[in-house]
Amino acid sequence: MSTETTAGTDRSSERLLAPAYAATTIGLFSLIAFAAFESMAVTTIMPTVARALDGFDYYALSFAAPFASGVVGMVAAGMWADRRGPLRPLLVSLVTFSLGLLVCGTAPAMEVFVLGRIVQGLGSGAMVVVAYVLVGLVYPARLQPAVFASFAAAWVLPALFGPGVAAFVAHAVGWRWVFLGIVVLVAVAAALVTGTARRQPVPEDPARAPLARLGWAVLAAVAVLALELVGSGTGLVLVAAAGAFVLVVVGLRPLLPPGTLRGGRGLPSVIATRGLLAASFFCAEAYIVYVLQERWDLTPGQAGIALTCVGVVWAASSQVSSRLGERVSHGAALRFGTSVVLVGVGAIALLVWLRAGGTAVPAAAPVAAYVLASVGMGFAYPRTGVAMLADTTDEDRGFNSSALTVADSLGAALALSVSGIAYATAERAGQDPFPVVYALAVAIGVLGVLAAIRAAQPAGSPVA
């Protein structure tokens, strides 16, 4: 065989849809796509669900719950995958995620709906960690950026059709079928991925992860949910909320690489950047459909157009980041992405504040600012995964994958819980609550930029 032919064969095997990777790529892509559809759908129909179940007091909690419980699933899956391989945690995560969807779709009251969201979060959190572990096990390093970019691309179809389909289904046959219909789709994707997970070797002499780590995850998740539940009160209740916040920090520390909470250089700040990106952006996203309906009088379908635009732009930005590859360092990508997120979220905050003051602001303006923020998310978000894997060994791949997704999920959950407190406090004071919520998202965005700067600095480098 000629050298040219050999080279061509090698190049053909380095594609995501090469025979060695095709089933895994399609399966992972499908799982992310269905999870994306669920996320888009919930954001679109949550005001409808809250009205139907008379549960606006639980609005923020319904978003925070799966993020918080997801932390427990992430830590458990990371520990399990490091010891026994990815197959069993994958199967359990898929069953748990589907069970949560069934509970949400049949919930008779908002409290039960939130319970379903908690179960759903356990499954989705574990599922994401197993996906990251499979990326590290199955794909060579040069394909990993493309895999993470494909995860972003998996949001395109849900972004294009998810909000509209969710609004249509909720109007035509009821919001419950938005959840129940996803269960069948998840089963189809699972069939493709489980074969790959089954072929992965079980570690021969795995390091034993301390069970206390799982206990810390439970403590952090419960504390986040308690923070939102008790934080909407006054007086001594707010003191209890402050105590819950302290417990979140205490529970979070053992789940992350040392130095993450203080922004240590290198990997710790990569993890911190991921958490702060999620906290700022998803705090803004949870309220975007709500504020467009309440302050701009849009219908759920009209407001869902914002989610459609964001999904497409996020995926396109991720592709650009992937194609640039090593021409743009991970540190530069994180600095650029966090800065753009901050500008976009800051613009939303300004526009919402102007609207609250009576200024005529077209609905297209906050939508455009939201889309701008998604450019930054698309550019930086996948790079955090690649940067994490670049600083990971076989011994700690599960832990670091878990840490990245824990920071992501708990960062968003904590921000949403605090936003719920801010919303309730502003309402009691007779103020428009939306500017307060978006001011919180801006403050978190500033911290994200600072973390991204330190992520680019190797550990042990001198202070600039």
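If the condition is being surrounded by fewer than 23 Cβ atoms within 10 Å (Cβ to Cβ), in contact (Cβ under 8 Å) with a residue 24 or more places away in the chain and part of a helix (DSSP H, G or I), then segment 50-64 contributes Ala50, Ala52, Asp57, Tyr59.
Just so you know, in segment 328-361 the residues that are among the hydrophobic types (A, V, I, L, M, F, W, C) and outside any helix (DSSP H, G or I) include one that is nearest to the chain's Cα centre (by Cα), and it is Val328.
What do you reckon, is Leu298 outside any helix (DSSP H, G or I) and farther than 21 Å from Val442 by Cα? Yes; evaluated as a whole, the condition is true for this residue.
Within segment 303-324, residues that are over 29 Å from Arg142 (Cβ atoms) reach partners that are open to solvent by 50 Å² or more (accessible area, probe 1.4 Å) with beta carbons closer than 7 Å, at six or more positions or on different chains, in the pairs Thr308/Leu160.
Looking across segment 248-267, the residues that are within 20 Å of the chain's Cα centre (by Cα), open to solvent by 10 Å² or more (accessible area, probe 1.4 Å) and without any contact (Cβ under 8 Å) to a residue 60 or more places away in the chain come down to Val249, Arg253, Leu261. Against the condition out of contact with any His (no Cβ under 9 Å at 6 or more places or on another chain), farther than 29 Å from Gly357 by Cβ and modelled with pLDDT under 85, how does Leu256 come out, does it pass? So Leu256 does not fit the description; no. Within segment 325-346, residues that are open to solvent by 60 Å² or more (accessible area, probe 1.4 Å) have Cβ atoms under 8 Å from residues that are assigned to a helix (DSSP H, G or I) and not aliphatic (A, V, I, L, M) in these pairs: His330/Arg383; Phe336/Gly376; Phe336/Phe379; Val343/Gly376, counting only partners at least 6 apart in sequence or on another chain. The set of residues in segment 1-46 that are in a loop (DSSP other than H, G, I, E, B), among the charged types (D, E, K, R) and at pLDDT below 70 contains only Glu14.
Kindly check whether there is at least one residue in segment 104-122 that is assigned to a helix (DSSP H, G or I) and under 20 Å from Phe399 (Cα atoms). Among the residues of segment 104-122, at least one is assigned to a helix (DSSP H, G or I) and under 20 Å from Phe399 (Cα atoms), which makes the answer yes.
The values are calculated or read from the model by the stated rules, or taken from the named source; none is laboratory data. What you are looking at is a predicted structure, and each value in this text was computed from that prediction instead of being measured. All Cβ positions, even for glycine, are placed from backbone atoms using ideal geometry, and neighbour counts span all protein chains on display. Surface accessibility is based on the protein's heavy atoms, side chains included, excluding ligands, DNA and RNA. Shrake-Rupley method; radii C 1.70, N 1.55, O 1.52, S 1.80 Å.
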